[in-house]
Amino acid sequence: MWNWGRPWYWNHWRWHSGYWNYWRVFPAFWVGAVGGALASPGDTLVYDNPYYAPPSTAVEVPIVINYSNPIPPPTGEQAVDAYPPDPGLPEGSEEALPTTDPPPPPTDDPAVNEANQRFDEARKAFKDGNYAKAQTLVEKAIELLPSDATLHEFRALTLFAQKKYKEAAGTLYAVLSAGPGWDKDTMAGLYSNWQTYTDQFRTLENYVKAHPDEGYAHFLLAYHYLVLASKDQAVDQLKQVVRVEPKDQLSAALLKALTQPESGNQ
């Protein structure tokens with residue numbers, strides 16, 4: 001449902017392999033978002049990002065992305081183009097959604113076209129190891145298309161690669177409030193050499209060991225463990241987040257979903 005139901009996913013399906021897909025119970029707040037509160041018939045989560053801090057006025061920042069607010073939905077005009085055509089299943093059908101790739105999206109919106117072009121350039125720069133340039137380019141894409149969570153998740157990756165861990169956590173808090181993160185195949189496709197990612201990941205692990213009371217570091221490491229499908233390690237990190245950062249309602253909700261027993265589906 002993430003592939004067909006997430007805004008702008010069909011701009012990325014040629015390189016995007018998928019999301020985390022090993023939940024016994026989905027976090028209820030991923031079902032939908034209204035205003036500043038992410039809600040569903042189960043849990044209710046009020047968005048409050050503890051890891052975002054506005055940039056200092058002493059430093060000139062070309063593009064400011066405000067993660068004190070959730071990632072916005074597509075605008076009214078863009079909503080038509082943000083999703084692929086309805087698969088057309090009968091109401092109440094138990095048949096699975098199609099697993100085939102969606103058709104190519106419309107290309108008559110200049111903002112969408114330019115955002116995709118900047119993002120193509122950003123991924124190339126990242127693969128070449130130019131992480132600062134990749135960050136600049138994806139931020140230009142986000143300015144044009146702020147409702148595309150994939151762009152925000154990639155921005156978090158550029159920050160992670162530059163060891164800007166708190167900024168990466170602040171970005172991912174917004175991303176994961178809207179839906180699951182990338183799987184390992186998607187992540188691997190963004191690197192020219194998987195060892196580069198592994199080295200960056202080990203550096204983060206060492207940082208967390210040296211900063212055991214920093215909630216943002218545990219949160220960021222939990223995300224990357226989930227990318228690697230290391231669920232037990234992710235749960236351990238989320239427990240540490242809950243311990244040191246009580247304001248982080250998102251981590252508490254993710255922890256609850258990841259540790260839900262089988263009977264929770266009944």
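Need one word for segment 179-237: rounded, prolate or oblate. Basis is the Cα gyration tensor (sqrt eigenvalues a ≥ b ≥ c); a/c below 1.5 gives rounded, then a/b vs b/c decides.
Oblate is the answer for segment 179-237, as a/c is 1.5 or above yet b/c matches or exceeds a/b.
Couplings 3J(HN,Hα) for segment 122-127, derived from phi with the Karplus relation 6.51 cos²θ - 1.76 cosθ + 1.60 (θ = phi - 60°), are 5, 5, 5, 4, 5, 5 Hz, where x marks Gly and Pro. With the cut-off at 1.5 for a/c, could you classify segment 140-266 from its C-alpha gyration tensor as rounded, prolate or oblate? Note, shape of segment 140-266 comes out rounded. Distant-in-sequence amide contacts of residue 48, defined by a placed amide H-H separation under 5 Å and a gap of 5 or more residues or a different chain, comprise nothing. Taking all protein chains together and rolling a 1.4 Å probe, residue 239 ends up with roughly 110 Å² accessible.
Taking a threshold of 29 Å on the Cα-Cα distance, which of the pairs 140/163; 124/163; 140/231; 133/256 fall above it? Show your work: numbers first, answer last.
Numbers: 140/163 21 Å; 124/163 20 Å; 140/231 34 Å; 133/256 37 Å.
Table pairs above 29 Å Cα-Cα are 140/231; 133/256.
Charge dipole (Cα centre; +1 on Lys/Arg Cβ, -1 on Asp/Glu Cβ; no other charges) of segment 129-266 amounts to roughly 220 debye. How large, in percent, is the carbon and sulfur part of the accessible surface of segment 156-266 at a probe radius of 1.4 Å? Within segment 156-266, the accessible surface is 45 percent carbon and sulfur.
At the residue level, residue 231 shows approximately 50 square angstrom of accessible surface with a 1.4 angstrom probe and all protein chains present.
The values are calculated or read from the model by the stated rules, or taken from the named source; none is laboratory data. A quick note: this is a predicted structure, and the numbers were derived from the prediction, not measured. Backbone-built Cβ (ideal geometry, glycine too); neighbour counts: all protein chains shown. Accessible surface areas use protein heavy atoms only, side chains included; no ligands, DNA or RNA. Shrake-Rupley method; radii C 1.70, N 1.55, O 1.52, S 1.80 Å.
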